[in-house]
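Q: Here it is: the structure, laid out below.
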Amino acid sequence: MADKDAARKAGVDGVLLSVGRSDGAPNSVPAKVEVDYDSFRSAYGGDYAARLHLVELPACALTSPERAECRTQKPLKTKNDTRTGKLSAQISAPGATTTAGKSAEKSMSATAAATPSSMVLAATADTSGPTGDYKATSLQPSGSWNAGGSTGAFSWSYNVDVPTVPGGLDPKISLGYSSQSVDGKTAASNTQASWIGDGWSWDPGFIERKYKSCEDDKTGGTNTTRVGDLCWFNDNATLSLNGKSTELVYQQGKGWHPASDSNEKVEKLTGASNGDQGSAGVDGVGEHWKVTTADGTQYFFGLNRLPGWKDSTTPTTNSTWTVPVFGNQAGEPCYNASGSSTTWSPPAVTRWRTTGRPRPTTTPAMCRRQRARARSRRTSAAAGSTTSTTACARTRCTRPRRWARSRSMCPSAV
């Protein structure tokens with residue numbers, strides 16, 4: 001058996017040994033080799049013991065391990081008894097050479113083990129075993145990657161399969177990784193990892209409202225001392241949906257619309273039971289949002305109780321993040337001119353997350369396209385097609401429904 005340094009030089013994280021006939025006979029003979037690894041079964045992680053197996057190496061592995069061809073491993077059919085901690089395999093033990101003299105009298109040293117009269121074996125771990133695969137994950141299955149050129153960033157995305165739904169409106173879900181998002185974090189920013197892991201992200205969409213530090217909002221306010229609380233300053237919102245983020249702008253008499261407009265219809269609604277306890281008649285209680293895209297698909301944000309909710313046994317989405325906010329100026333929610341503690345607002349929403357059942361609405365353009373396809377099918381049927389004219393007559397604009405694009409994985413925070 002070779003020492004640990006010789007094993008490492010040969011590229012073996014385990015035991016390196018040589019086997020040969022000891023009776024001096026020149027012929028090879030079948031033999032069973034057994035290695036007891038119980039004493040070092042926990043030397044490495046990843047269920048090292050279950051991945052151990054026997055391999056054969058060239059004879060030069062003990063004399064010239066720096067040569068790549070001398071570190072080539074040939075797996076042997078191995079029986080691994082993890083209960084007793086033993087490896088066993090059937091081999092053909094080589095016969096002794098006719099070399100005479102001092103070399104024949106040498107003991108089992110590295111030089112003697114490298115002669116053609118012995119077989120070099122190793123007990124080492126494979127990249128996989130009965131309990132799992134521990135090799136480096138391939139970049140090919142169900143994913144895509146790219147390098148950031150001069151930035152040095154590495155990006156990776158992994159698509160997640162979802163059940164199909166009527167109308168082909170199943171959501172597209174992909175987990176994304178960026179090494180740059182980790183490199184850019186500093187002690188002065190929020191460095192908390194996402195719920196998937198450091199550098200990973202998945203956010204199907206949200207609408208966020210910002211508040212101002214009360215220390216920076218004293219003009220005309222009831223606060224005069226230095227505090228570290230949040231105060232209202234205006235009714236603002238930012239939309240993040242389908243990979244695009246844009247500020248939402250409010251116009252009197254026209255409502256909300258994205259600053260970067262792509263024909264979305266944005267509506268701020270009230271009445272949801274989502275933890276928002278604003279002021280009735282000012283910002284409203286139970287604020288939530290509905291965004292309708294140009295293709296008619298509706299997205300709901302902060303709708304804690306989905307359609308069909310009955311009682312406390314029905315799951316909710318926990319799709320709003322709330323925070324205590326101070327109304328320190330006239331016209332703001334929870335404002336009190338006395339400046340007393342009653343000016344503290346109950347938890348107000350800081351982020352609404354995508355929830356609910358986005359459903360495509362039937363737009364005039366969609367109806368026109370459906371009617372055109374129906375006319376085409378009826379024309380084909382009149383010309384001798386096997387399509388049933390009765391079935392075509394039933395063609396009409398439909399309103400298919402789709403399950404929620406996402407369900408928030410984070411509880412509401414106060």
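Just so you know, all these numbers are worked out from the coordinates, no wet-lab data involved. Everything numeric in this text was worked out from a predicted model, so none of it was measured. Reconstructed Cβ throughout: ideal geometry from the backbone, glycine too, with neighbour counts over all protein chains shown.
Q: Going down the table (K210/K290; K210/K265; K254/K310), which pairs top 29 Å between alpha carbons?
A: Over 29 Å Cα-Cα: K254/K310.
Q: Mind ranking 283-290, 123-130, 74-81, 23-30 by how tightly packed they are, going by the mean number of other C-beta atoms within 10 angstrom, highest first?
A: Numbers: 283-290: 20.9, 123-130: 16.9, 74-81: 14.1, 23-30: 10.5.
Taking the mean over residues of other Cβ atoms within 10 Å, the ranking is 283-290, 123-130, 74-81, 23-30.
Q: If amide H atoms are built 1.01 Å from N in the plane of the peptide, which residues on other chains or at least 5 residues away come under 5 Å of the amide H of K86?
A: For K86, the qualifying residues are Y37, D81.
Q: Report, by chain and number, residues whose modeled amide H sits under 5 Å from the one on L230, excluding near sequence neighbours (fewer than 5 apart, same chain).
A: Residues meeting the amide H criterion: C214, F326.
Q: Can you tell me the FRET efficiency between N263 and C60 if r is taken as the Cβ-Cβ distance and R0 is 60 Å, rounded to the nearest 0.05? Please list the in-between numbers first.
A: Working: r = 72 Å, r/R0 = 1.20.
Once the sixth-power term is evaluated, E becomes 0.25.
Q: Which lysines does K135 reach when only Cα atoms under 23 Å apart count, and residues fewer than 8 places away in its own chain are ignored?
A: K9, K74, K77, K79
Q: Using 7 Å Cα-to-Cβ label points, what is the K4/S273 separation (nm, one decimal)?
A: Result for the modelled spin labels: 6.5 nm.
Q: Applying the Karplus parametrisation 6.51 cos²θ - 1.76 cosθ + 1.60 with θ = phi - 60° to the phi angles of the range 163-169, what ³J(HN,Hα) value in whole Hz is obtained for each residue in order, glycine and proline being reported as x?
A: Result, rounded to whole Hz: x, 6, 10, x, x, x, 9.
Q: If amide hydrogens are placed 1.01 Å from N in the peptide plane, which non-local residues have theirs closer than 5 Å to the one on V165?
A: Result for V165 returns D170.
Q: Each residue of the range 75-82 in turn: what ³J(HN,Hα) in whole Hz from Karplus with 6.51, -1.76, 1.60 and θ = phi - 60°, glycine and Pro shown as x?
A: Working through the residues one at a time gives x, 9, 5, 10, 9, 10, 9, 5 Hz.
Q: Also: Sticking with the crude label model, points 7 Å out along Cα→Cβ, report the distance from T84 to A294 in nm, one decimal please.
A: Taking the two extended label points, one gets 7.3 nm.
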